[in-house]
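For reference, the structure is listed below as structure tokens.
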Amino acid sequence: MTSLRTGPPTRARARDTVQSPALRRIVQVVADLAGKPLAELRILDLACFEGQYAIEFALHGAQVVGIEGREANIAKARDRATQLELDRVEFVQEDVRNLRRGRYGGFDAVLCLGILYHLDFPDAIRFLERVSGVCDRLAVLDTHINLGLSRDFRDGRHVYRGRHYIEHSVRAEASEREQSRWASLDNARSVWLTRASLMNALIDVGFTSAYECDVPPEPAKPFDRRTFAAVKASRAALRSTPGSDLDEWERVPEHRSRARLLRNHGPGTNQLKQLLLDVERLWPRRGSAGYGPRSWGHRR
Ligand SMILES: C[S@@+](CC[C@H](N)C(=O)[O-])C[C@H]1O[C@@H](n2cnc3c(N)ncnc32)[C@H](O)[C@@H]1O
């Protein structure tokens, strides 16, 4: 079997090769959270480019489907799989916006790496719905989030926040768009959701919990590029609050109150807290609720 390290480089530019910290993170997340050994998993790699992630998982014995919209990319992925004599990985040329369970079945892990932020609105939400539709357990998203100014994007009864990002010149011909092998397929602009809106979208499409991943580390990753793991299971009922599993969940807030930050982390807060606690001890107030030991002892 040919080793991945001895195979020919796909292209000279460094960003065409998945850097090992990124690969390490994704493999570790799936190994830790998918709930089965890698060799027993069925994995879907969406917008798989030249198949680096798909092939890595196939080398672990997983059964993998890679979907990619660009013919040139998928041709390289297939060549590499052939070189490595991998028979458990299949590459399909298709637009990920057409993903459907009826065609591909269900997957233990769905990889959405570097694709969500290439889709426009509301396609990004429809795409997440489709991801949820084929996901039987875990979805891993590696995506840009918007950290700057944002605006509302309405989708039915839900409002998300984000901003547009230019993918291609609106005047670019189809052939020019095809040549931008890392960009969106055809849409001239895409939308980058805020972190909170991405989390809310994951709730809306049926995931039951979601986590941001910083370990294994990827020190070179831009600050606005993040890895998230979302799990699809059943909403857990609370035994102490019957019926709560049927309640509609709150939204993840776009902004959190700075007043709460001041409570414990503002400059000088600890000194002020110490002073107030000492005053309270010396001259206890009847019915004190604000600064008494009990209230300071709890973060509210
Ligand atoms: C930034 S690259 C990410 C590649 C790979 N998943 C990774 O993380 O290294 C984006 C990939 O998405 C593909 N792509 C963009 N829009 C697509 C779509 N609508 N359907 C299928 N593939 C698409 C591009 O051709 C490109 O290979």
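See the values below:
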{"item": "Prolate/oblate/rounded call for region 14-246, Cα gyration tensor, a/c under 1.5 rounded", "result": "oblate"}
{"item": "Fewest-first ranking of GLU167, GLU129, GLU250, using other Cβ atoms within 10 Å as the exposure measure", "result": "GLU250, GLU129, GLU167"}
{"item": "Taking ASP123, ASP247 and counting other C-beta atoms within 10 Å, the order from fewest to most", "result": "ASP247, ASP123"}
{"item": "Restricting region 151-245 to chymotrypsin sites (Phe, Trp or Tyr not before Pro) in coil, as DSSP defines it, with at most 16 other Cβ within 10 Å", "result": "TRP182, PHE223"}
{"item": "Peptide ranges 65-72, 271-278 listed from the most packed, as the mean C-beta count within 10 angstrom indicates", "result": "65-72, 271-278"}
{"item": "Exposure proxy order (Cβ contacts within 10 Å, fewest to most) of HIS168, HIS158, HIS118", "result": "HIS158, HIS168, HIS118"}
{"item": "Trypsin sites (Lys or Arg not before Pro) lying in DSSP loop within region 131-210, provided at most 10 other Cβ fall within 10 Å", "result": "ARG157, ARG171"}
{"item": "Qualifying lysines (Cα of each under 27 Å from Cα of LYS76; at least 8 residues distant if same chain)", "result": "LYS221"}
{"item": "Highest-fluctuation residue, ARG126, ARG285, ARG78 considered, GNM on the chain with Cα pairs under 10 Å", "result": "ARG285"}
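Every number here is computed from the coordinates shown, using simple stated rules; none is lab data. Computed from a predicted model, the values in this text were never measured in an experiment. Methodologically, a virtual Cβ is constructed for each residue, glycine included, from the backbone with ideal geometry; neighbour enumeration extends over all protein chains shown.
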